[in-house]
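Here is the structure we will look at.
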Amino acid sequence: MIVLVGCATAPSDTGGAPPPPTMSDPTARQFFDTQVYPILSARCAGCHGMNATATTGFVGTTAEATYDALTASDLVGDYTANAPLIRVMRSNHPAVASAYDLERIQAWLALERDERGL
Ligand code: HEC
């Protein structure tokens with residue numbers, strides 16, 4: 001969805017570049033920071049903190065560190081519901097997240113997938 005916002009100055013020629021995202025149309029990163037990191041921090045950090053030894057660590061002390069770790073890992077897979085991040089949680093894993101939490105994580109992956117043109 002494209003939202004045009006009134007502008008005080010004349011728009012410059014962007015050469016056909018897409019308009020910058022607005023908050024009503026959050027980027028994947030904004031969605032991660034506001035909707036997903038709080039879930040990971042509250043529900044996963046206890047076992048999956050960066051210093052975890054028994055489990056895979058992917059939750060840092062900031063949204064940025066967590067975003068970087070996750071997107072650099074294999075856990076995001078192809079950014080679909082088939083990503084290990086989702087698949088593992090829906091199968092053989094302690095029940096620590098609600099279905100609603102998983103829906104939000106999946107919504108973030110879908111935004112990433114769109115932005116990355118996958
Ligand atoms: C009570 C501890 C505990 C909590 C809390 C927990 N996990 Fe896990 N998780 C485990 C264990 C144990 C494993 C298996 C060891 C491993 O592969 O890291 C695991 C494995 C995983 C894996 C597979 C890791 C890999 O390398 O393949 C993913 C993905 C995962 N958990 C996601 C999550 C998410 C997302 C949350 C929060 C919503 C979460 N876990 C919360 C204990 C936990």
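Data for the structure
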item	result
Exclusive hit being in contact (Cβ under 8 Å) with a residue 12 or more places away in the chain and either part of a loop (DSSP other than H, G, I, E, B) or touching a strand residue (DSSP E or B) at 6+ places or on another chain (Cβ under 8 Å) (or both), set Thr56, Thr61, Thr71	Thr56
Matching residues, the range 95-118, being more than 12 Å from the ligand (Cβ to nearest atom), more than 11 Å from Gln35 (Cα to Cα) and not acidic (Asp, Glu)	Ala110, Leu111, Arg113, Arg116, Gly117, Leu118
Test result for Ala97, over 12 Å from Ala28 (Cβ atoms), small (Gly, Ala, Ser), buried (at least 16 other Cβ atoms within 10 Å of the Cβ) and within 15 Å of the chain's Cα centre (by Cα)	no
Set Val36, Val59: member being more than 9 Å from the ligand (Cβ to nearest atom), among the β-branched types (Val, Ile, Thr), surrounded by 16 or more Cβ atoms within 10 Å (Cβ to Cβ) and at pLDDT 95 or above	Val36
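The values are calculated or read from the model by the stated rules, or taken from the named source; none is laboratory data. Here the structure is a predicted model, which is why all the values come from computation and not from measurement. All Cβ positions, glycine included, derive from the backbone under ideal geometry; neighbour counts span all protein chains shown.
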